[in-house]
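The values are calculated or read from the model by the stated rules, or taken from the named source; none is laboratory data. Please read these numbers as outputs of a predicted model, since none were measured by experiment. Here the Cβ is made from the backbone with ideal geometry for all residues, glycine too, and neighbour counts use every protein chain on show. The protein model used for the area step is the full one, side chains on, heavy atoms only, and it has no ligands, DNA or RNA in it. Shrake-Rupley method; radii C 1.70, N 1.55, O 1.52, S 1.80 Å.
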Amino acid sequence: MLPDRRGYFKAFGGKFVPETLISALEELESEYKKAKKDKNFIRQLNYYLKEYAGRPTPLYFAKNLSKHLGYKVYLKREDLLHTGAHKINNTLGQILLAIRMKKERIIAETGAGQHGVATATVAAMFGLKCDIYMGKEDIERQRLNVFRMKLLGANVIPVSSGSQTLKDAINEAIRDWVTNVRTTHYIIGSTVGPHPYPMIVRDFQSIIGKETKIQILKNEKKLPDYLIACVGGGSNALGLFFPFFKNREVKFIGVEAAGKGLSSGKHSATLVGGKIGVLHGSKSKVLEDRFGQIKTAYSIAAGLDYPGVGPEHAYYQKIGRAKYVSVTDKEALEGFRMLALTEGIIPALEPAHAIFYLKKLKGKLKKDSVVIVCLSGRGDKDLDIVMDYGKNQGEI
Ligand SMILES: *Cc1c(COP(=O)(O)O)cnc(C)c1O
């Protein structure tokens, strides 16, 4: 099973970090391996996932959308979780690991603030000190989430280097971790970073796919034909896909953000439009310019706005296990409205990309084909953005 012992998914992954972090990564990996087999840890994690976060989430048969599209659509309702997205699955798992390792301080990076909020939430609940790195530009764009983190007792540290966005915040968080590694655990928010993070985050998010498998077998008495999820760093997608990896008949589609269009250069479609490279401690695909500099990613959905992607996705793409496509801002807004109008569910702009892609399958599937979409988060956080954009109203 991948990753291998060195943290590689064949050609992708690894640990490209300063020497001082190697022992911290090894400590994390060995603690995680012990925790995974520890009944107490598993019981504790399941307790918080259920009683605090609200699992299991429903697998909802979207009847109206299905009728509209001509095949069966189910939505995995991660939007109903505490804090409004799947990120809490991972932050709960990682803070329990941090407590096992007797760390007294948590750091994290955040772009849109979603991972920052999920981290500040669990840090407040478990009473750990929490510092969140956030680009200055993002702090201005995401004032409400900054306020939320502060209400939860976290300290938000502005990052003014580079493009003052997520990738710079990650660099600063890594720098902090190098200095304070004995007392501090770094909670990475997606299936990215050096080994063992991509594996740990995938495993904590796999609860999504494990529940889905049980639920769909109960409802349909068969496995789904397609699993579809949006891909930023790739954690909600891998959480859904991974438990179905060996079920070859189940097709995976990852939807990236094409922003203003791939040819405009303003996008975040790393798998569709990127190259192989190293970013934030692992080898995967990245967005870089012709001089090899990391480009600033762009998407209307802040959670997809990242110039890298998890190494396991690069591997799935290479072996053809998953197909990766991209959807523009404009199309995602169409997906957003389509779900609101047909099902009365306002999605976050990230999964709205996956919802839009359903339209591309219209007319190509049989009436009883089953497609499951990971509804990774709810749309409350995005209403301002949609309101500003809101000229072309309502066609579905
Ligand atoms: C952060 C976020 C994403 C993107 O992150 P992944 O690691 O790719 O899942 C997607 N949807 C929502 C709602 C998010 O908050």
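Accessible area of M338 (1.4 Å probe, protein heavy atoms only, ligands and nucleic acids ignored): about 0 Å².
Sequence-distant contacts, meaning Cα pairs under 8 Å at least 6 residues apart, place the relative contact order of the chain at 19 percent. What is the sum of charges, Lys and Arg at +1 and Asp and Glu at -1, for the other residues whose Cβ falls under 11 Å from the Cβ of L375? Computed value for this residue: -1. For region 171-198, the residues whose amide N sits under 11 Å from a probe point set 7 Å from the Cα of E104 along the beta carbon direction are 183-184.
Heavy atoms only, probe 1.4 Å: what % of the accessible area of the chain goes to carbon and sulfur, would you let me know?
52
The length gained by stretching the chain between K359 and N171 to full extension, at 0.36 nm per residue less their Cα-Cα distance, is 63.9 nm. Among 374-380, 308-314, sorting by the average number of other beta carbon atoms lying within 10 angstrom of each residue, highest first, gives 308-314, 374-380. Projecting label points 7 angstrom from Cα along Cα→Cβ for K39 and L383 puts them 4.7 nm apart.
Angle of helix 114-126 to the longest C-alpha principal axis of the chain, folded into 0 to 90 degrees and rounded to 10: 60°. To the nearest ten degrees, helix 39-48 and the longest principal axis of the Cα atoms of the chain are 60 degrees apart. Cross-link reach is defined here as a Cα-Cα straight distance under 16 Å, omitting same-chain residues fewer than 8 places apart; for K330 the lysines meeting it are K260, K266, K359, K360, K391. The listed residues E140, E26 rank as E140, E26 when sorted by accessible area, largest first, using a 1.4 Å probe.
With axes computed from alpha carbons, what is the tilt in degrees of helix 207-220 against the longest principal axis of the chain, rounded to the nearest 10 within 0 to 90? Approximately 20 degrees, to the nearest 10. Anything over 20 Å Cα to Cα? Flag those among K167/K210; K15/K136; K50/K150; K246/K318; K67/K381, in the order listed. Pairs exceeding the cut-off: K167/K210; K15/K136; K50/K150; K67/K381.
On the basis of the beta-carbon distance and an R0 of 30 Å, S160 and V278 show a calculated FRET efficiency of 0.80. When nucleic acids and ligands are ignored and a 1.4 Å probe is applied, F291 ends up with an accessible area of around 150 Å². Computed over neighbours whose Cβ is under 11 Å from that of K366, the net charge equals +1, Lys and Arg +1, Asp and Glu -1.
Rolling a 1.4 Å probe across the protein heavy atoms gives the chain an accessible surface of 42 Å² per residue.
Computed as a quarter of the hull surface, the mean projected area of the alpha carbon convex hull for the chain stands at 17.8 nm².
The amide H of E288, built 1.01 Å from its N in the peptide plane, has K275, K295 as neighbours under 5 Å, considering only residues 5 or more places off or on other chains. In a fully extended conformation the segment linking R6 and E249 would gain 84.5 nm over its present Cα-Cα distance, using 0.36 nm per residue.
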